[in-house]
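Have a look at the structure below, then the notes.
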Amino acid sequence: MPVPATKESGDVDNLYIFLLVSGLISFIILIGGMVIFIFKYRRKTEDQKSAYITHNTLAEFLWSFIPFVIMMVIFAWGWSVFHDLRRVGEKGDVEVHVTARQWAWTFKYANDIEINSPSDKKLVENDPDSTLLKPEIVVVPVGKTIRFILTSDDVLHSFYVPAFRNKMDAVPGRRTTFTFTPIEKGDFTVFCTEYCGTKHSNMMATIRVVDGEQFAAWQAEKLAASAGASNKGPAERGEALFKGSLGCGGCHSIDGSRIVGPTFKGLYGNKRDFADGSSVTADDAYIKQSILVPTAKIVAGYPPAMSSFQGRIKEDEIKDIIEFIKTLK
């Protein structure tokens, strides 16, 4: 296992070691005793009779009571460790909202700093169709209680950091929590451990643990960059949404190539043919409906795989996306 990097991970390791050692001792006593009895008390002759043996109350009590005590210790210890891993009601020193989607993680801090896994256009190595993008690094301070609030936009995902000895499902329509207190600085990999589609094994992110001063400087840099981005025009803001928080680039291309969903290139003002045989010209109303109710009109030749952005996107953001699509001739 990786080096335990959080306060909670050491407790998990200690419990696991206890389970291994106690299980080994129990195995030796049980199997070793059976082997000894097989040889010591085996029948010597064909007509040998076994002695009549009555029960031993003390022995029967001990072999029931001692395992019971051990099981209760394991239960209490396990409950304590599990409670520390979850801590649902505790507000962390740093709170981050995590959204899972096929096949990326998006991180948004309470002060609106957003870490978007599809944002910086770094393609994952050895990805043959170049549709999966390398995630940016989410930064947290060492020694502080960090609380991730997880949800999913599409299917069930599972947020797992081996060095933290903690795992939590990201469930559509629900909010779950992943709480930890890092004690080691460095980069720690996040995996999705619930099969979620073809690129499940590449759905990773990185948590970087740094000093408090480095974290404060990183936050200031991100906030300054966000302030500069707010001065962009509608099409530029729409492009940022496409590449960033909405994660559109994971399913829709802008160069005409075919991936999960239809390309955005040449979309606006052109005819769309649908699976039910109908068609429509792609205008503002159609694009807005496709964002909010994607199953209303399914483009011919593509699966109804997109989840609704109802309640997750603002009206101004829809307008910005439309303005960006208009530029993709």
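Mean-square fluctuations from a GNM of the chain, with a 10 angstrom spring cutoff on Cα atoms, peak among GLU317, GLU60, GLU46 at GLU46. Build a GNM of the chain with springs between Cα atoms under 10 Å: which of ALA205, ALA104, ALA240 gets the top mean-square fluctuation? Judging by the Gaussian network model, the answer is ALA240. Proximity of backbone amide H atoms, modeled 1.01 Å from N, is registered between SER158 and ALA170, THR193, GLU194 at under 5 Å, excluding neighbours fewer than 5 places apart on the same chain.
Taking the DSSP bridge list for the chain and keeping only pairs wholly inside it, about 70 percent are antiparallel. Note: relative contact order over the stretch 234-327, using C-alpha pairs below 8 Å and six or more positions apart, is 36 percent. Summarising the amide proton neighbourhood of TRP105: residues at separation of 5 or more, or on other chains, whose placed amide H is nearer than 5 Å comprise SER117. Kindly list the residues of the stretch 288-304 that lie in the label zone of ASP273, defined by a backbone N under 12 Å from the point 7 Å along the Cα-to-C-beta vector. So the set is 300-302.
Taking 0.36 nm per residue of sequence separation and removing the Cα-Cα distance, the GLU60/ARG42 pair yields an extension gain of 4.2 nm. Residue pairs exceeding 24 angstrom between C-alpha atoms, taken from LYS167/LYS314; LYS167/LYS199; LYS199/LYS314: LYS167/LYS314; LYS199/LYS314. Counting only heavy atoms of the protein chains and using a 1.4 Å probe, MET204 has close to 70 Å² of accessible surface. Distances between placed amide hydrogens fall under 5 Å for VAL139 paired with ARG208, all partners being 5 or more residues away or on another chain. The phi-based Karplus calculation (6.51 cos²θ - 1.76 cosθ + 1.60; θ = phi - 60°) puts the 3J(HN,Hα) values of the stretch 102-108 at 5, 10, 7, 10, 10, 10, 10 Hz, whole numbers, x for Gly and Pro. Of the residues THR177, THR45, THR193, the one that moves most in a GNM of the chain with alpha-carbon contacts below 10 Å is THR45.
Place the peptides 184-190, 29-35 in order of packing, highest mean first, counting for every residue the other Cβ atoms within 10 Å and averaging per peptide.
Put in order of decreasing packing, that is 184-190, 29-35.
When both the stretch 162-226 and the stretch 264-329 are represented by their alpha-carbon centers, they are found 31 Å apart. Computed extension gain for THR193 through VAL280, at 0.36 nm per residue and net of the alpha carbon distance, reaches 27.3 nm.
Rounded is the label for the stretch 234-327, because the ratio a/c of its alpha-carbon gyration tensor axes (a ≥ b ≥ c) stays below 1.5. For Rg/Rh (Cα atoms, Kirkwood Rh), several values are listed as (1) 0.93; (2) 1.19; (3) 0.97; flag the one computed from this structure. Checking each listed value against the structure points to (2). A 1.4 Å probe run over the chain, with the rest of the protein chains in place, finds 58 Å² accessible per residue.
Would you mind telling me the share, in percent, of accessible area of the chain contributed by carbon and sulfur at probe 1.4 angstrom? Percent of accessible area from carbon and sulfur atoms in the chain: 60. Mean residue ellipticity at 222 nm from the helices of the chain, using -39,500 (n - 2.57) per DSSP H segment of n ≥ 4 over the full residue count, to the nearest 500 deg cm²/dmol? After summing the helix terms and dividing by residue count, I get -11500 deg cm²/dmol. Computed from backbone phi, the HN-Hα couplings of the stretch 271-284 come to 6, 10, 9, 10, 4, 8, x, 7, 8, 7, 7, 6, 10, 4 Hz, rounded to whole numbers (Karplus: 6.51 cos²θ - 1.76 cosθ + 1.60, θ = phi - 60°; Gly and Pro given as x). The 3J(HN,Hα) values that the Karplus relation (6.51, -1.76, 1.60; θ = phi - 60°) gives for the stretch 234-240 are, in residue order, x, 5, 5, 5, x, 5, 5 Hz. Gly and Pro appear as x.
The values are calculated or read from the model by the stated rules, or taken from the named source; none is laboratory data. Nothing here was measured: the structure is a model prediction, and the numbers come from that model. Note: ideal-geometry Cβ built from the backbone for every residue, glycine included; neighbour counts use all protein chains shown. Side chains are part of the model used for accessible areas, which takes the heavy atoms of the whole protein and leaves out ligands, DNA and RNA. Shrake-Rupley method; radii C 1.70, N 1.55, O 1.52, S 1.80 Å.
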